[in-house]
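**Q** Could you have a look at this structure, given as structure tokens, before my questions?
The values are calculated or read from the model by the stated rules, or taken from the named source; none is laboratory data. Bear in mind that the values here come from a model prediction, so they are computed numbers and not experimental data. Here Cβ is always computed from backbone atoms with ideal geometry, including for glycine, and neighbour counts include all displayed protein chains. In case anyone asks, the SASA skips ligands and DNA or RNA and just uses the protein heavy atoms, side chains included. Shrake-Rupley method; radii C 1.70, N 1.55, O 1.52, S 1.80 Å.
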Amino acid sequence: NVPLHLNSRSQQRSKRPQGRGAQPQAVWLPGCRAHANLRARSMGKTKAGSARKSRGRSPAAASPAAAAHSLRGKESSRVGKKPAAPRERPGEPPPPPPAFCLFDLGAQRERWVKFQERQSLTCEEAARLLLDTFEYRGLVKHTGGCHCGAVRFEVWASTDLHIFDCNCSICIKKQNRHFIVPASHFKLLKGADNITTYTFNTHRAQHTFCKTCGVQSFYTPRSNPDGYGIAPHCLDEGTVRSTIMEEINGKEWEKAMKEHKTIRSMSKP
């Protein structure tokens, strides 16, 4: 078992940089005992390295049995966890709430969803638009407010206004001409903190006016506590077509209310 020194080609390879004190490489003749021992040791190292690599592989790269065992473990770890909520994409309307999904739209469902997406409406906004279309049919949206602009409102009413001219003690002093609408048709846009209220006698009528300019653009009448009395002269121009004036004998208020046929119903939706 005598080592043979490297041939010329091996000697060329041995000229690579080596550490201090490194010995020339040697080649063993095939078939000798030393060659067999060297080959066995190299094969053992190769198998050990392969085993380490297989332990570091992912479940998909391992054996089918190991992959199935790993998958079962992951599935069991997910038990009891809540599913992640779907993320909203920019530009898309938020998903409808579960309660709304219970509403049966039948054959109109696809058409409704496309309309909602096209108009970028939430379920609440789409429902409000639909309800307004039917409840306010034949009505227009008027806007108005006080003199200084601190109080602003919008109100749904006809273009032809039925106005009451009352001669009670306060209405005659402030010339309180008004038309009556249900509370659901009125919306205060701004100025809730800039409004003050005056009451007297039965304190049922709520005479509200702006703290800054003193203008009463709307109030809650005694005859219709479930609605609002709107001053037509405080509306913005362009939405009123005509007006009809009716006098009310506020000096004999109880008698006037008893004899009037429709004033009570004007604040009903």
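**Q** Could you identify the single residue in ILE244, ILE172 that is over 37 Å from the mean Cα position of the chain (by Cα) and assigned to a helix (DSSP H, G or I)? Spell out the reasoning first.
**A** On the way: ILE244 fails: assigned to a helix (DSSP H, G or I).
Step by step, each of ILE244, ILE172 is checked, and only ILE172 is over 37 Å from the mean Cα position of the chain (by Cα) and assigned to a helix (DSSP H, G or I).
**Q** Scan region 132-151 for residues that are of a type outside the set (Phe, Trp, Tyr) and open to solvent by 70 Å² or more (accessible area, probe 1.4 Å) and jot them down. Lay out the reasoning, then the answer.
**A** Just the residues of region 132-151 that are of a type outside the set (Phe, Trp, Tyr), to begin with: 132-133, 135, 137-151.
Result: THR133, GLU135, ARG137, LYS141, HIS147.
**Q** (1) modelled with pLDDT under 95; (2) in contact with a strand residue (DSSP E or B) (Cβ under 8 Å, 6 or more places away or on another chain): which one isn't true of MET257, the others all being true?
**A** Result: MET257 passes all but (2).
**Q** Tell me, which residue of region 102-131 that is over 21 Å from the mean Cα position of the chain (by Cα) and open to solvent by less than 60 Å² (accessible area, probe 1.4 Å) is modelled with the highest pLDDT?
**A** My answer is GLY106.
**Q** Further, regarding this structure: If we scan region 222-233, do we find a residue that is under 21 Å from VAL140 (Cβ atoms) and basic (Lys, Arg)?
**A** So far as region 222-233 goes, no, none of its residues is under 21 Å from VAL140 (Cβ atoms) and basic (Lys, Arg).
**Q** Name the residues in region 184-213 that are free of Cβ contacts under 8 Å to residues at least 60 places away in the same chain and not in a strand (DSSP E or B), would you?
**A** Initial filter on region 184-213 (free of Cβ contacts under 8 Å to residues at least 60 places away in the same chain): 186-208.
Correct list: GLY191, ALA192, ASP193, ASN194, THR199, PHE200, ASN201, THR202, HIS203, ARG204, ALA205.
**Q** Can I ask one more? Looking only at region 164-197, count how many residues are out of contact with any Cys (no Cβ under 9 Å at 6 or more places or on another chain), open to solvent by 70 Å² or more (accessible area, probe 1.4 Å) and hydrophobic (A, V, I, L, M, F, W, C).
**A** Of the residues in that region, 2 qualify.
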